[in-house]
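Heads up, the thing below is written out as structure tokens.
The values are calculated or read from the model by the stated rules, or taken from the named source; none is laboratory data. Predicted model, so just to flag it, every value in this text is computed and none were measured. Here the Cβ positions follow ideal geometry from the backbone for every residue, glycine too, while neighbour counts run over all protein chains shown. We work out accessible area using only protein heavy atoms, side chains counted, and drop any ligands, DNA or RNA first. Shrake-Rupley method; radii C 1.70, N 1.55, O 1.52, S 1.80 Å.
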Amino acid sequence: MIEGIYNNAASLTTLEKWQASITQNLVASKVAGFKKSNFAIESDDKVKTNYNPQQSAAQHTGGLPVRTTSINFTPGEIEQTQKPTDIAIDGPGFFQIQGADGENLYTRNGEFQFNNENTLVTRHGLQVMGDGGPITIDPEQGAVTVAKDGTISQGNNLLGRLQLFNFEDPQGLTRVEGGYFEAPEGAAPEAVEDGQVVQGAIESSNVLPMEELVSLIQVARAYEASQRSMLSHDDLISKAINSLGSTTA
């Protein structure tokens, strides 16, 4: 009986974390290049979404869910923006960004811009790295052109090339502040030799809001079932204590 209460408490904790994951996905659904978090329960019968009052509390523990989390790296749709500093990745890979502490970060969010020093940066002001380092333009030299292979030029002046990187196991990447990814220690990025980009476009997030809303409903039902089961266990324990007290009186 006590085990059932612990199981339901664990179930509620897991469901709260699942709900937080869904909320994060929904909030970031309009962020370019965002990759949704997948939150999975070991099996469908681990969390009951319906409470049956005809079952005993011992039969209806609510389950002890075992959660697994991962990042869904499925590409989003490429949307045309006509903004010359917006750059979408068409295929595998990540842009390499220099973090505030000099560490390398990775992203598929190509909403870039030029800062006051005429250097290509992210919307958070972090430098976008080319094959030779940061990319800086001369505002007097005219429009910037980005070729499919990532080569950036102004007229006949080649300014550098956006190098795309990938990892043998992208699931090893960790989300960090700003929606970037950080590679685990010892994981060397691999250059994507045939990577392609699209200028004047961004990759949308791969979040499908309707799917997330359906998951929210599922979480709410499972949460309610676990709460009711916990109350049922609590009621049985109270009755047992009262009965024991009456017997010993």
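Quick notes
- Pairs where the first residue, in segment 19-39, is of a type in the set (V, I, T) and the second is modelled with pLDDT of 95 or more and open to solvent by 50 Å² or more (accessible area, probe 1.4 Å), C-beta under 9 Å, 6+ apart: V31/E111
- Among the residues of this structure, D90 counts as one that is within 24 Å of S29 (Cβ to Cβ), open to solvent by 50 Å² or more (accessible area, probe 1.4 Å) and over 18 Å from the mean Cα position of the chain (by Cα).
- For segment 122-154, taking the residues that are open to solvent by 60 Å² or more (accessible area, probe 1.4 Å) and small (G, A, S), the one that is farthest from I202 (Cα to Cα) is identified as G132.
- Restricted to segment 144-214, the set of strands (runs of 3 or more DSSP E) holding at least 1 residues that are of a type in the set (A, V, I, L, M) and at pLDDT below 95 comprises 157-161, 174-176.
- Residues being within 23 Å of R175 (Cβ to Cβ) and either outside any loop (DSSP other than H, G, I, E, B) or open to solvent by 50 Å² or more (accessible area, probe 1.4 Å) (or both) - total across segment 104-118: 6
- Residue satisfying condition, being at pLDDT 90 or above and touching a strand residue (DSSP E or B) at 6+ places or on another chain (Cβ under 7 Å), within set A88, A28: A88
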